[in-house]
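K.L.:
Pasting a structure here, questions to come.
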């Protein structure tokens, strides 16, 4: 660890067995798993700029930071369980890690985080912003102008939630086309496309999707949930193809549009079939969860996390650190991904075993990575339009929300 000078002096004066480290356990003893991530982030931030040791697979991904009065006070106020640990205790843990299916990962920098958030109000919650705000992890809001400029290169992580990059306004036309919030979204998106110099919302959103794919290839980390996952690849595949019915965009579909999709442009999915009917609340057969017209292709009420080797697959292992192996299902416009439509480079991180349905996935692309988590709200089984936000103080140990962080 890189030791601040004041800590070096203090620890040199500490007697044998005295606490020098704070262990933040991430097993069932942790009183608030979500805020524990915030404590780790706080330790990395200036003016502390401490090194944080992430103990993969040790007590379900515990953190090790410096033991100071400030650390103990911060954890107390946040309601986060922390255990004092001596240098000898740390050495014992490191020996256990060396000899087992565990690994120590050193974190040295607080990542800069952005969340893609349209400026209009949508009548549903956003699990990503709820998680970050509850954990007290700072982030900036970005939208299309930021994505289409070089500004997104300022961020290490970009998070997307319930977005639609296909230009179909979320496919809410059938039920909500006369709702004030839908009409305002339509007005705002059309104005944004005109201002950016694009002939349509679909062309504008496709340019945004291309910029996000480029961000990943240049080293960015992209995390997406719900409909942001499949519509990114749908937009990328629709190169010079109109995939939107006239009721929505005022122009007809390209003849034989399905045959003209460019799956080689996609990051995660391939060979999918589009559902252009504006009265069908579904984008394509990528989603194998239930919809108004299609039953779910899986029945298991829980999905299983894959157990990765931290020494061989450290990044997927980081992304699957959790205090449970099976996580309760939660649905959304995109509830799960059809396994047969994944590109071979994709790693499955959570699935409904034996049912051909994937909940959580990851892929390296260029210098960066993509992570997709299907579903809308991990603590709301079936979140509906107009429903209130989830109160995370009632779900401090949520396994599903932990995957977001």
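K.L.:
Just wondering, is there one or more residues in the range 194-210 that are assigned by TED's automatic domain parsing to the domain that holds residue 400, surrounded by 21 or more Cβ atoms within 10 Å (Cβ to Cβ), under 22 Å from residue 333 (Cβ atoms) and within 19 Å of the chain's Cα centre (by Cα)? Give the steps one after another, and end with the answer.
P.N.:
Taking the range 194-210 first, the residues assigned by TED's automatic domain parsing to the domain that holds residue 400 are 194-210.
Restricting the remaining residues to those that are surrounded by 21 or more Cβ atoms within 10 Å (Cβ to Cβ) gives 201-202, 204-206, 208-209.
Now restrict to residues that are under 22 Å from residue 333 (Cβ atoms): 201-202, 204-206, 208-209.
So of that shortlist, the ones also within 19 Å of the chain's Cα centre (by Cα) come out as 208-209.
Taking every residue of the range 194-210 in turn, at least one turns out to be assigned by TED's automatic domain parsing to the domain that holds residue 400, surrounded by 21 or more Cβ atoms within 10 Å (Cβ to Cβ), under 22 Å from residue 333 (Cβ atoms) and within 19 Å of the chain's Cα centre (by Cα).
K.L.:
From the set of residues in the range 297-328 that are closer than 13 Å to residue 358 by Cβ and over 18 Å from the mean Cα position of the chain (by Cα), which is surrounded by the fewest Cβ atoms within 10 Å (Cβ to Cβ)?
P.N.:
300
K.L.:
Does residue 228 qualify as being buried (at least 24 other Cβ atoms within 10 Å of the Cβ), closer than 29 Å to residue 316 by Cα and assigned by TED's automatic domain parsing to the domain that holds residue 161?
P.N.:
yes
K.L.:
Yes or no: the range 263-281 includes at least one residue that is at pLDDT below 95 and closer than 13 Å to residue 335 by Cβ.
P.N.:
Checked the range 263-281: at least one residue is at pLDDT below 95 and closer than 13 Å to residue 335 by Cβ.
K.L.:
Check off (1) more than 21 Å from the chain's Cα centre (by Cα); (2) without any contact (Cβ under 8 Å) to a residue 40 or more places away in the chain; (3) buried (at least 17 other Cβ atoms within 10 Å of the Cβ) for residue 77 and give me the number that stays unchecked.
P.N.:
Here residue 77 clears every test but (3).
K.L.:
Across the range 336-352, what is the number of residues that are surrounded by fewer than 23 Cβ atoms within 10 Å (Cβ to Cβ) and outside any strand (DSSP E or B)?
P.N.:
Of the residues in that region, 6 qualify.
K.L.:
Scan the range 364-389 residue by residue and report those that are over 17 Å from the mean Cα position of the chain (by Cα) and in a loop (DSSP other than H, G, I, E, B).
P.N.:
Answer for the range 364-389, where residues must be over 17 Å from the mean Cα position of the chain (by Cα) and in a loop (DSSP other than H, G, I, E, B): 366, 367, 381, 383, 384, 385, 386, 387, 388, 389.
K.L.:
Name the one entry in 367, 355, 382 that is in contact with a strand residue (DSSP E or B) (Cβ under 8 Å, 6 or more places away or on another chain), surrounded by fewer than 21 Cβ atoms within 10 Å (Cβ to Cβ) and not assigned by TED's automatic domain parsing to the domain that holds residue 97.
P.N.:
Exactly one residue qualifies, and that residue is 382.
K.L.:
Also: Which one is nearest to residue 288 (Cα to Cα), of the residues in the range 253-270 that are touching a helix residue (DSSP H, G or I) at 6+ places or on another chain (Cβ under 8 Å) and surrounded by fewer than 15 Cβ atoms within 10 Å (Cβ to Cβ)?
P.N.:
263
K.L.:
Please enumerate the residues belonging to the range 224-250 that are farther than 13 Å from residue 267 by Cα and in contact with a strand residue (DSSP E or B) (Cβ under 6 Å, 6 or more places away or on another chain).
P.N.:
Answer for the range 224-250, where residues must be farther than 13 Å from residue 267 by Cα and in contact with a strand residue (DSSP E or B) (Cβ under 6 Å, 6 or more places away or on another chain): 225, 243.
The values are calculated or read from the model by the stated rules, or taken from the named source; none is laboratory data. Because the structure is a prediction, the values reported are computed rather than measured. Ideal geometry is used to build each Cβ from the backbone, glycine not excepted, and the neighbour counts take in all protein chains shown.
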